[in-house]
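Below is one structure, written out as structure tokens; the observations come after it.
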Amino acid sequence: MRHTSLFPAIAAFTCACLLWVHPARSNNIQVTNPTLTGNTGTSALVQFDLSWENSWRGGGVSNWDAAWVFVKYRPNGGGWQHVLLSNTGHTAPAGSIMDMGLLIPGGGTPYDPTANPVVGTFIRRSIDGSGTFALTGVQLRWNYGTQGLAYNDIAQVQVFAIEMIAVLQGAFAIGSGGTESFAFTLTTINTGNTTVAPAGTGSLGGQAGGYPTGQAAPNILWPNGFNAFNCMKYEVSQQGYVDFLNTLTYTQQVTRTTNAPSSAAGTGALTSGNADRSAIDIQIPGVAATIPAVYACNLNGNAVYGEAADGMDLGCNWLSWGDLSAYLDWSGLRPMTELEFEKACRGSIAAVANEYVWGTTSVATSAYTLNAAGTSNEGIATNYGTTLGNATYAATVGVIGGPMRVGIFAANGSNSGRVTAGATYYGIMQMGDNLFERPVTIMNIEGRSFTGVHGNGTLNAAGDQDASSWPASGTAMGSGMRGGTWPFPDLWMRVSERNNAGYNVSTRERNFGGRGVRSAP
């Protein structure tokens, strides 16, 4: 099974010397050697090298993985802001292709530097292949003049990369015909037009249409899963959330953490203490805090940061809906819908009644133990299932006491494919276990009003997402939960289980995490 990055790669440089690099802290996806070159007085090229292991294009389902790359800059005397890229003038090294990511999905609205800017780009293989994918001299054109900048105004630039997986366009089954709680009636979604009422007989069972039988139709822009989209391969990791926090203002950090420090001495974290393997904390507790605060992972709470076992690769728990949606807006991504969740799990094949995300009804049941706990190589030491689906849930979590490293099952030496890796049809990791996913629901008017607009890379002054039609940060109305989680039993991990599909809780909880998607260019 394919196994790649653990959290977003990040590299940065100062424009004063163009040499300083903040190294990518990831096992395999890496952004290195960043620089700013080709200055014209109104534009420049953000240049860097990019690589990740176990990349692919083609194979069993003919899809591919990609890096979603976006850029932030800091002006002299100011805070971090999002780079809006040009729609032309980029350099994709040999063997690669770029798909520019416009703010407005669907391709029906042309590029506009203000109304419909490029907020990032997908970089992927241009031909079929697999293995390590290493690119030298990637160049992204930045027309900084359109953002009101002169070249000498630019103090620093950071390049971020998140691994994504393509979910292909086409019909799919929603619901399984099994005994899952509140499951959709088995329906074939065979069109991207969400106004088409289910009727007749679908090729994958049930009726066929643009939304599930028995449900109210969402708005016509609601992403129902038929059209192609790209999904984060992993849940947001703890290091991914740290990188996010460290580009926010202090006011925004206060909103996005539980107990941020005051301007005097103080400590702060995503939650109060490192409960349930939560590892995010202020980098220098007990010392007069820098404002904005500097966050880091520190799983063992010993005030020594940057240690190998500090939990950077663990799934990030204790995320409220507001936290997750802010991270997605900041990244230029968006929330998935619950139909996209089932499509990403099941793919284009017929549903299996009561199936888990790996396509069978079998699951490992013995408690795991870990080796190299908290490190980038955290792995299953005992009770890895060699024929059953592996997952982090109540029966297997044992004394571990929280979420595990993202992608942990695919990395095991006994892994033999999709089932033992606990992977979806497309190769997405831990979609049904570890931490709850947080999709937009079709159950209520707030969820059905979602239009699938992408994040613009910018939060409001308070630190909340400001994307139109997304479920509100404060109330979470329109959001829900799908998949299972480490303290819950296995029945919650079934693809079509909808017991909490419309549960719009807005608080932080120990088993809340999530990931984002992006409509295909």
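Values quoted throughout were computed directly from the atomic coordinates according to the rules given, and no laboratory measurement underlies them. Keep in mind it's a predicted model, so treat the numbers as computed, not measured. Every residue, glycine as well, gets a Cβ built from its backbone with ideal geometry; the counts of neighbours run over all protein chains shown.
Between the labelled values (1) 26; (2) 44; (3) 49, the entry that holds percent of Cα pairs over 36 Å apart as derived from this structure is (1). Only helical runs count toward this figure. For the chain, summing -39,500 (n - 2.57) over DSSP H runs of n ≥ 4 and dividing by all residues gives -2000 deg cm²/dmol at 222 nm.
Using θ = phi - 60° and the Karplus relation 6.51 cos²θ - 1.76 cosθ + 1.60, list the HN-Hα couplings for the range 378-384 in order, rounded to whole Hz, with x at every Gly or Pro. In residue order, the calculated couplings are 3, x, 7, 7, 9, 6, 5 Hz. For the range 56-150, trypsin sites (Lys or Arg not before Pro) meeting the loop criterion (DSSP other than H, G, I, E, B) and having at most 12 other Cβ atoms within 10 Å: none. Among Ala303, Thr195, Ile10, pick out the residue whose Cα is farthest towards the positive end of the charge dipole of the chain, where Lys and Arg carry +1 and Asp and Glu carry -1 on C-beta, about the Cα centre. Farthest towards the positive pole: Thr195.
Distance from the C-alpha centroid of the range 171-234 to that of the range 298-352: 24 Å, rounded to the whole angstrom. Computed packing ranks the peptides 225-235, 162-172 as 225-235, 162-172, most packed first, by mean other Cβ atoms within 10 Å. Note: relative contact order over the range 9-166, using C-alpha pairs below 8 Å and six or more positions apart, is 35 percent. Note on the chain: dipole from Cβ charges, positive end direction compared against Gln430, Ile408, Ala228; the farthest Cα belongs to Ala228.
Put simply, when 433-439, 305-311, 60-66 are sorted by average Cβ atoms within 10 angstrom per residue, most first, you get 433-439, 60-66, 305-311.
In percent, rounded to a whole number, the relative contact order of the chain is 16, using alpha-carbon pairs under 8 Å and six or more apart. Residues Leu186, Leu388, Leu314 in ascending order of nearby Cβ atoms (within 10 Å, fewest first): Leu388, Leu186, Leu314. Annotation: peptides 214-221, 349-356, 330-337, 196-203, ranked by per-residue average of other Cβ atoms within 10 Å with the highest first, follow the order 330-337, 349-356, 214-221, 196-203. Placing +1 on each Lys and Arg Cβ and -1 on each Asp and Glu Cβ, with no other charges, gives the chain a dipole about its Cα centre of roughly 420 debye.
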